[in-house]
Amino acid sequence: MLKIKNLIKSYDGKTNAVNNVSFEINSGEIFGFIGHNGAGKTTTIKCVVGLLPFEKGEIEINGISVKKNPLEAKCQMVYIPDNPDLYDSLTGIQFLNFICDIYAIAKDVRNEEIKKYADMFEITKNLGDAISSYSHGMKQKLTLISAFIRHPKLLILDEPFVGLDPKAMHLVKELMKEMCKEGNSVFFSTHVLDVAEKLCDRIAIISHGELKAYGTMEEVKGEESLEEVFLELEDRGE
């Protein structure tokens, strides 16, 4: 579903923020991307979704090159950043209808999907309110709803659990699993290592722009916890 090969990205032309990173995400897989602040997680993700150009390497989404066919590649996925910027002057329902208009989702389908997910996230009664009145958590829920109603082949999330209450976190995890049962994939970065350990099929650990571990959860952590493995890699400076 997602293939990254020898990705190199530099901001100043001297130091590589991402240095020769390669990994693949399969269909039907939840994939966790782990690393400290500044490790290169968000930079990698922004290269994948087409927000940042990159010097070398190749990125393909569902077999489509991000460089050669950027629009077609973007149509395969949905990206939610760690701090999504929304249109504060719109109401929640106006924003969701705006997203549905862009993706040509029929009115009968969108109405059903919006109701389904708004009820799940318990913000149905707030959809008529201006987004400017929403808390951070409510904005996060609205953004997640806008993603799930599109049923993407690949869902990319940067720190998706920040700002969510425990009930919403549980719901997002269940919806991720449901997506993957349908043959789609989820790629997310997180600092919440216990969540990643329980949720992910495979993971990659990045540090100082370089991939330090990659594989199934069992291959990466062995008999240790993911937290122990991560801290050992950081202590060794790897």
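The values are calculated or read from the model by the stated rules, or taken from the named source; none is laboratory data. What you see is a predicted model, and the numbers here were worked out from it, not measured in a lab. Here the Cβ is made from the backbone with ideal geometry for all residues, glycine too, and neighbour counts use every protein chain on show. Only protein heavy atoms, including side chains, enter the accessible area calculation; ligands, DNA and RNA are left aside. Shrake-Rupley method; radii C 1.70, N 1.55, O 1.52, S 1.80 Å.
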**Request:** Specify the residue with the greatest mean-square fluctuation among Val18, Val186, Val220, computed from a Gaussian network of the chain linking alpha-carbon atoms under 10 Å apart.
**Result:** Val220
**In Hz, Karplus ³J(HN,Hα) per residue of the range 2-10 (6.51, -1.76, 1.60; θ = phi - 60°; x = Gly, Pro)** = 10, 10, 10, 10, 6, 6, 10, 9, 10
**Asked** Once label points are set 7 Å from the Cα along Cα→Cβ at both Ser27 and Asn6, what is their separation, rounded to one decimal in nm?
**Response** 2.8 nm
**Item:** Loop sites in the range 69-148: GluC sites (Glu not before Pro), DSSP, at most 15 other Cβ within 10 Å
**Value:** Glu122
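Heavy atoms only, probe 1.4 angstrom, no DNA, RNA or ligands counted: give me Leu171, Leu51 ranked by accessible area, highest first.
Working: Leu171 35, Leu51 105 Å².
Ranked from most to least accessible, the order is Leu51, Leu171.
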**Complete:** Check: C-alpha center the range 1-44 vs C-alpha center the range 72-108, spacing in Å is 25 Å
**Complete:** Applying the span-like rule to the chain (DSSP H, Cα extent along axis at least 20 Å, Kyte-Doolittle mean at least -0.5) gives 166-181
**Message:** Could you tell me the center-to-center distance, by alpha carbons, between the range 169-191 and the range 211-238 in angstrom?
**Reply:** 22 Å
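Using a simple charge model, +1 on the beta-carbon of Lys and Arg, -1 on the beta-carbon of Asp and Glu, nothing else, what dipole does the range 120-160 show about its Cα centre, in debye to the nearest 20? Walk me through the numbers before you get to the answer.
Working: 5 positive and 4 negative charges, 33 e Å.
My answer is approximately 160 debye.
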**Prompt:** Gaussian network model of the chain, Cα springs within a sub-10 Å range: biggest mean-square fluctuation belongs to which of Ile105, Ile145, Ile131?
**Reply:** Ile105
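With charges set only on the Cβ (+1 for Lys and Arg, -1 for Asp and Glu), what does the dipole of the chain come to about its Cα centre, in debye to the nearest 20? If you can, show how the numbers build up before the last one.
On the way: 28 positive and 37 negative charges, 190 e Å.
Magnitude of the dipole: close to 920 debye.
Taking only DSSP H segments of four or more residues, each worth -39500 (n - 2.57), what value at 222 nm results for the chain once the sum is divided by all its residues, to the nearest 500 deg cm²/dmol? Don't jump to the answer; show the numbers that get you there.
Working: 9 runs with 89 residues, N = 238.
Taking each H run of at least 4 residues, the total per residue is -11000 deg cm²/dmol.
Could you pull out the longest piece of the chain with no exposed loop chymotrypsin sites (Phe, Trp or Tyr not before Pro) in it, calling a site exposed if DSSP puts it outside H, G, I, E, B and it has at most 12 other Cβ atoms within 10 Å?
88-238
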**Asked** Counting only heavy atoms of protein chains, what accessible area per residue, in Å², does the chain have with a probe of 1.4 Å?
**Response** 48 Å²
**Message:** Explain nothing, just compute: Karplus ³J(HN,Hα) = 6.51 cos²θ - 1.76 cosθ + 1.60, θ = phi - 60°, for every residue of the range 80-87 in order, whole Hz, x for Gly and Pro.
**Reply:** 10, x, 5, 9, x, 8, 10, 8
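Counting DSSP beta bridges in the chain, what percent are antiparallel, to the nearest 5?
Details: 21 of 39 bridges.
Taking every DSSP beta bridge within the chain, about 55 percent pair in antiparallel fashion.
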**Complete:** Mean-square fluctuation maximum in Gaussian network of the chain, Cα pairs under 10 Å, restricted to Val162, Val109, Val172, hits Val109
**Asked** Between Tyr87 and Lys56, what is the label-to-label distance in nm when each label sits 7 Å out along the Cα-to-Cβ direction?
**Response** 4.2 nm
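How high is the FRET efficiency from Asn69 to Glu182, r the C-beta distance, R0 30 Å, rounded to 0.05? It would help to have the intermediate numbers written out before the result.
Values: r = 24 Å, r/R0 = 0.80.
It comes out at approximately 0.80.
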**Asked** Can you work out the FRET efficiency for the pair Glu234 and Asp194, with r the C-beta to C-beta distance and R0 = 22 Å, to the nearest 0.05?
**Response** 0.85
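Counting only trypsin sites (Lys or Arg not before Pro) that sit in a DSSP loop (anything but H, G, I, E, B) with at most 10 other Cβ atoms within 10 Å, what is the longest stretch of the chain containing none of them?
Working: sites that count: Lys14, Lys68, Arg236.
The longest such stretch corresponds to 69-235.
Would you work out the charge dipole size for the range 30-143 about its Cα centre, treating the Cβ of every Lys and Arg as +1 and the Cβ of every Asp and Glu as -1, and quote it to the nearest 20 debye? Before the final figure, lay out the partial values.
Working: 13 positive and 14 negative charges, 34 e Å.
Once rounded to the nearest 20, the dipole reads 160 debye.
Pulled fully out, how much extra length does the chain show between Glu223 and Asp119, if you take 0.36 nm times their separation in residues and subtract their Cα-Cα distance? Before the final figure, lay out each step's value.
Numbers: separation 104, 0.36 × 104 = 37.44 nm, distance 4.03 nm.
Taking Glu223 through Asp119 to full extension adds about 33.4 nm, to one decimal.
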